[in-house]
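Any read-out appearing in this document is the output of simple, stated calculations on the displayed coordinates, not a laboratory observation. The shown structure was predicted, so the numbers you read here are calculated from the model rather than taken from an experiment. Here the Cβ is made from the backbone with ideal geometry for all residues, glycine too, and neighbour counts use every protein chain on show.
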Ligand code: PEP
Ligand code: MN
C-alpha cells in the first residue's frame, strides 16, 4: 500500500508555500467552523497567527445534519478565507463536499478537506487524488483505522501522496461528549503509515472544556498537529459554538502545546 510504512519507511513531510506539515514539525490549523462573514475572520486572524497557527480553517460548504441549518456562504466564504489567510501568509483548508465544486475549492484553498461524512465517498476521493492538491482526510465517525487508511489509499492510488490524516473522534456509547476522541489512533496510525496525523479535539469532543486537555494529550501522543475551531464569540456561532474557543483561549493552548512539543 502506498500509504503504508512498508512502502515508505520515513515519515512524510508536506511543504506548501514554505509551511511544513509532518516530519519534525507541529502544525496547527485554526479558525471558525463556518465562515459566517468577512469581519469574523479578520477579528481572529492576527491573534491566531501570532499564537502560532499557520493554516486558516473555515467551512464554506457545510455538511449540516438539518437541511434547514446554515449551509455555508459558498464561493463568497472561500474568497474571505483566501483574503484573511493572505493577510498573514497562512494556508487555507476548507471542506469539499461535492466533486462539482473541486475546481472552485482548488482555486481558493491550499488544502482540500474531506469531511468525516465523506471519508468513504470513493468517487470524491479519486477526484481529489487526481487533482494533485494536498488533502486533509478526516476519519469517518464509525470508520476503523484500516478503513481510514484504505480511504487514504484511494487518494494515493491516483498519484497524490500529499495527504494529512485527521483523527476527529468516533461514535461510541458515551453521550457526555459529542464523539470519543481516539487518542490511541495516533500511535497506531503513525506505526502503520508514513502520512502526517493531525487531531481535531473540537469535533472529537464537542466540548470547549475538553479542547485544551485533549490538544495537549494529542501532541504528547505524537500527533503532527491540530485543527481547532476558534470563533470571536463562540456563544453566537452559527455552527459548533459549544466546541469553539476564543482567540485568547487559543493563544493559551498554543503556549502549552509548545512546551509539550519541546520535550518530545
Ligand atoms: C468540520 O471540520 O467543520 C467538520 C464538519 O468536521 P467533520 O467532518 O470531522 O465532522
Ligand atoms: Mn465544525
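Before moving on, here are some points about what is shown:
- A single entry from 77, 72 fulfils the requirement of being at negative phi and crowded, with 18+ Cβ neighbours inside 10 Å: 77.
- Of all residues in the stretch 59-91, those that are in contact with a helix residue (DSSP H, G or I) (Cβ under 9 Å, 6 or more places away or on another chain), away from ligand 2 (no atom under 16 Å from the Cβ) and not in a helix (DSSP H, G or I) total 6.
- Residue 215 being buried (at least 24 other Cβ atoms within 10 Å of the Cβ), within 16 Å of ligand 1 (Cβ to nearest atom) and in a loop (DSSP other than H, G, I, E, B): no
- In the stretch 80-98, the residues that are at negative phi and surrounded by fewer than 16 Cβ atoms within 10 Å (Cβ to Cβ): 83, 86, 87, 88, 98
- Residue check: residue 204 meets all listed conditions (1) within 16 Å of ligand 1 (Cβ to nearest atom); (2) in contact (Cβ under 8 Å) with a residue 60 or more places away in the chain; (3) touching a strand residue (DSSP E or B) at 6+ places or on another chain (Cβ under 9 Å); (4) under 20 Å from residue 148 (Cβ atoms) but one, namely (2).
- Residues located in the stretch 218-231, provided they are within 16 Å of ligand 1 (Cβ to nearest atom) and either in contact with a helix residue (DSSP H, G or I) (Cβ under 6 Å, 6 or more places away or on another chain) or more than 25 Å from residue 10 (Cβ to Cβ) (or both): 223, 226, 228, 229, 230, 231
- Number of positions in the stretch 224-252 that are without any contact (Cβ under 8 Å) to a residue 60 or more places away in the chain and surrounded by 18 or more Cβ atoms within 10 Å (Cβ to Cβ): 2
- Whether a residue is more than 24 Å from residue 123 (Cβ to Cβ) and away from ligand 1 (no atom under 15 Å from the Cβ) was assessed, and residue 70 does not pass this test.
- Identification of helices (runs of 4 or more DSSP H) wholly contained in the stretch 92-193 with 2 or more residues that are within 14 Å of ligand 1 (Cβ to nearest atom) and free of Cβ contacts under 8 Å to residues at least 24 places away in the same chain yields no element.
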